[in-house]
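S.K.: Please see the structure below; I have some questions.
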Amino acid sequence: MDEKRKILVTGGLGFIGSHTVVCLQEAGFEPVIVDSLHNSRIEVLDALTDLIGYKPVFICGDVNDKILMQGVFAQQKPVAVIHFAAHKAVGESVDQPLLYYQNNVAGLLNLLEVMKAESCHQLVFSSSCTVYGEAQEVPVKESTPILPAASPYGATKQMGETILRDLNWCRVQCLRYFNPVGAHPSSRIGELPLGIPNNLIPYLTQTVSGIRSLLTVHGGDYITQDGTCIRDYIHVMDLAEAHVAAINRLISGIGFDTNSNEVGDPSTQQFEVFNVGTGIGYSVLEIITAFEDATGEKVIYKIGPRRAGDIVSIWADTHKANAILGWNAKRNLDEMMADAWNWQRHCDKASLG
Ligand code: UFG
C-alpha cells in the first residue's frame, strides 16, 4: 500500500483507538498501531484483524520509548499520527500525578521530538471536554474560556493543547471529546475497563449483567431538571469517524498553509480545535431510562452522594466541527445503549473485562 496513506495510531488497541483503526481502514488508510498494553488487551488485535480483514501492523511499546518510536517512524514512515496513548482516569491522576504528567505530557513531547526529526508534520490529538471545567455557559463552544483544571488528568490535556498550539512545524487537529459510549455494531470491540469501572455506562452494563449489585447515581440534588448531572454522550463510532474527518482535513492541507511547514508563520493556522459531541445533554436518570427502553432490561440503582470533582452540566456546541470538518454525529442514544449492552453480553460470554 502507498506509504503516504499510513496513519500511526498510538493507543490503537484502546477503546476509541480500536474503533478509529476500523474507520481508518474503511476510509482507505493503513493504520499502524503502537500500544503499550498498559490499559488495553492483546485480544483486541485479533478482533481488529477479523473486522478489517488483515492483521494490522502492531508494535507493542510505549510512546515514552524514544528509540522504539524512532524505529517505528523510520520503518513505517506514517504520513500522520493520531495520538490516543494516554492515561485517562481522573481519580487515579489525583493519586498519581507524576504518572500522568510523565505519560501524558512527557510522552507527547517525546512523540513530537521524534515526529519532527522524522519529518512527520501532521497530528490529531485526543483532548477532552474536561478542559472547560465547570463552564459559565452551556453548550460550550471552542471559544469558551478554559478554566483551571480540576485534576492532574485535566491539566495534562490543557498542557497538551498549549504545547501543540505553540508548534510552528506541525499541523494539529485537536479533538475535545465529550463522553464516548457504545461499541462497534459487531460487538467485536468495545470498552474494556480493567477492574471496577469509573464511568457510567460500563458500570451500568456490568450492574445489569450481574457483575455489580447496583448502580449508584452520584448525586440527585444538582440544579438540573431531575437533580442528576448532564453530559453529552457520543457513540464511539461517531467519535472514530470524526478522527477520519480530521485526518482527511490534515492530509488535504485545507485550512493550513502547506508552504509554511517548517518556518513558523503566525498568520497561518497550524492548530485547530473542535468539540466532538452530539450537541445534546442527557441527565444520568435519562440515560438509565434510555438504557431500559433500548434493551428491555431493568437497571437497579440508588441515588448516592455527589462524586467529588463532578461537573454539573456540560454539552457541546458542535457547529464548528459540523461546518469545518464536515462531520456530524449520526447515532442516537438508543443505538449507544443497545450497542453498549450487546458489547457487555459479548464480554460476559467471552469472559472479557
Ligand atoms: N456516574 C454515576 N454513577 C457511576 C458513574 C458515573 O452516577 O457509577 C455519573 C457521574 O457522576 C456523571 C456521569 O455519570 O454525572 C458521567 O460520569 P462518567 O464517569 O461516565 O464521565 P465523566 O463525565 O465524569 O468523565 C468524562 C470523561 C473523562 C474525563 C472527564 C472529565 O469520560 O475521560 O469527563 O470531567 F476525564
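S.K.: Among the numbered criteria (1) closer than 26 Å to Ser128 by Cβ; (2) surrounded by 15 or more Cβ atoms within 10 Å (Cβ to Cβ), which single criterion is violated by His346?
M.R.: (1)
S.K.: Tell me, yes or no, whether segment 90-104 has at least one residue that is buried (at least 16 other Cβ atoms within 10 Å of the Cβ), part of a loop (DSSP other than H, G, I, E, B) and in contact (Cβ under 8 Å) with a residue 12 or more places away in the chain.
M.R.: No - not one qualifying residue is present in segment 90-104.
S.K.: Just the residues that are under 19 Å from Glu297 (Cβ atoms), open to solvent by less than 10 Å² (accessible area, probe 1.4 Å) and within 8 Å of the ligand (Cβ to nearest atom), please, taken from segment 203-228.
M.R.: Leu204, Leu215, Val217
S.K.: Here is a further query. Looking at the structure I just gave you, is Glu113 more than 16 Å from the ligand (Cβ to nearest atom) and in contact with a Phe, Trp or Tyr (Cβ under 6 Å, 6 or more places away or on another chain)?
M.R.: On the way: more than 16 Å from the ligand (Cβ to nearest atom): yes; in contact with a Phe, Trp or Tyr (Cβ under 6 Å, 6 or more places away or on another chain): no.
The answer is no for Glu113.
S.K.: Name the residues in segment 165-202 that are near the ligand (Cβ under 8 Å from one of its atoms) and open to solvent by 60 Å² or more (accessible area, probe 1.4 Å), would you?
M.R.: Passing the criteria: Asn198, Asn199.
S.K.: Ser127 is checked against (1) open to solvent by 70 Å² or more (accessible area, probe 1.4 Å); (2) in contact with a Gly (Cβ under 8 Å, 6 or more places away or on another chain); (3) small (Gly, Ala, Ser) and fails just one. What number does that condition carry?
M.R.: Just one mismatch for Ser127, condition (1).
S.K.: What single numbered condition from (1) open to solvent by 30 Å² or more (accessible area, probe 1.4 Å); (2) modelled with pLDDT of 95 or more; (3) within 16 Å of the ligand (Cβ to nearest atom) fails to hold for Lys330?
M.R.: For Lys330, the exception is condition (3).
S.K.: Please go through segment 3-15 and give me each residue that is surrounded by 24 or more Cβ atoms within 10 Å (Cβ to Cβ) and not small (Gly, Ala, Ser), ordered by number. I'd like the intermediate steps shown before the answer.
M.R.: Step one: of segment 3-15, the residues surrounded by 24 or more Cβ atoms within 10 Å (Cβ to Cβ) are 7-15.
Result: Ile7, Leu8, Val9, Thr10, Leu13, Phe15.
S.K.: Residues to consider are Val263, Val236; find the one that is within 23 Å of the chain's Cα centre (by Cα) and either within 16 Å of the ligand (Cβ to nearest atom) or at pLDDT below 95 (or both).
M.R.: One residue alone meets the criteria, Val236.
S.K.: Test each condition in (1) free of Cβ contacts under 8 Å to residues at least 12 places away in the same chain; (2) open to solvent by 60 Å² or more (accessible area, probe 1.4 Å) for Glu292 and report the one that comes out false.
M.R.: Going through the list (1) free of Cβ contacts under 8 Å to residues at least 12 places away in the same chain; (2) open to solvent by 60 Å² or more (accessible area, probe 1.4 Å), Glu292 breaks only (2).
S.K.: Return the residue satisfying two criteria in turn: it lies in segment 37-52 and is out of contact with any strand residue (DSSP E or B) (no Cβ under 7 Å at 6 or more places or on another chain) and buried (at least 16 other Cβ atoms within 10 Å of the Cβ), and of such residues it is farthest from Cys347 (Cα to Cα).
M.R.: Ranking the qualifying residues of segment 37-52, first place goes to Ile52.
S.K.: Examine segment 313-327 for a residue that is closer than 24 Å to His218 by Cα, of a type in the set (S, T, N, Q) and in contact (Cβ under 8 Å) with a residue 12 or more places away in the chain, and state whether such a residue exists. Walk me through it before giving the result.
M.R.: Step one: list which residues in segment 313-327 are closer than 24 Å to His218 by Cα, which gives 313-316.
Still in the running and of a type in the set (S, T, N, Q): 313.
Keeping just the survivors that are in contact (Cβ under 8 Å) with a residue 12 or more places away in the chain gives 313.
Yes.
S.K.: Check Ala149, Ala135 and return the single one that is within 16 Å of the ligand (Cβ to nearest atom), open to solvent by 20 Å² or more (accessible area, probe 1.4 Å) and either in contact with a Gly (Cβ under 8 Å, 6 or more places away or on another chain) or not in a helix (DSSP H, G or I) (or both). Even if it seems obvious, please write down each step before you answer.
M.R.: Working: Ala135 fails: open to solvent by 20 Å² or more (accessible area, probe 1.4 Å).
So the residue among Ala149, Ala135 that is within 16 Å of the ligand (Cβ to nearest atom), open to solvent by 20 Å² or more (accessible area, probe 1.4 Å) and either in contact with a Gly (Cβ under 8 Å, 6 or more places away or on another chain) or not in a helix (DSSP H, G or I) (or both) is Ala149.
S.K.: Cβ-Cβ distance below 6 Å, separation of 6 or more or different chains: which pairs start in segment 202-220 with a residue that is under 14 Å from Ile288 (Cα atoms) and among the aliphatic types (A, V, I, L, M) and end on one that is within 8 Å of the ligand (Cβ to nearest atom) and part of a loop (DSSP other than H, G, I, E, B)?
M.R.: Val217/Thr228
S.K.: Let me ask something else. List pairs: first residue in segment 52-78 and touching a residue at least 24 places away in the same chain (Cβ under 8 Å) and under 18 Å from His19 (Cα atoms), second residue of a type outside the set (A, V, I, L, M, F, W, C) and open to solvent by less than 50 Å² (accessible area, probe 1.4 Å) anywhere in the structure, Cβ distance under 6 angstrom, at least six positions apart or on different chains.
M.R.: Final answer for the pair search is Pro56/Pro31.
The values are calculated or read from the model by the stated rules, or taken from the named source; none is laboratory data. It should be emphasised that the depicted structure is a prediction, and the values quoted were computed from it without experimental measurement. Neighbour counts run over all protein chains shown; Cβ positions are idealised from the backbone, glycine included. In case anyone asks, the SASA skips ligands and DNA or RNA and just uses the protein heavy atoms, side chains included. Shrake-Rupley method; radii C 1.70, N 1.55, O 1.52, S 1.80 Å.
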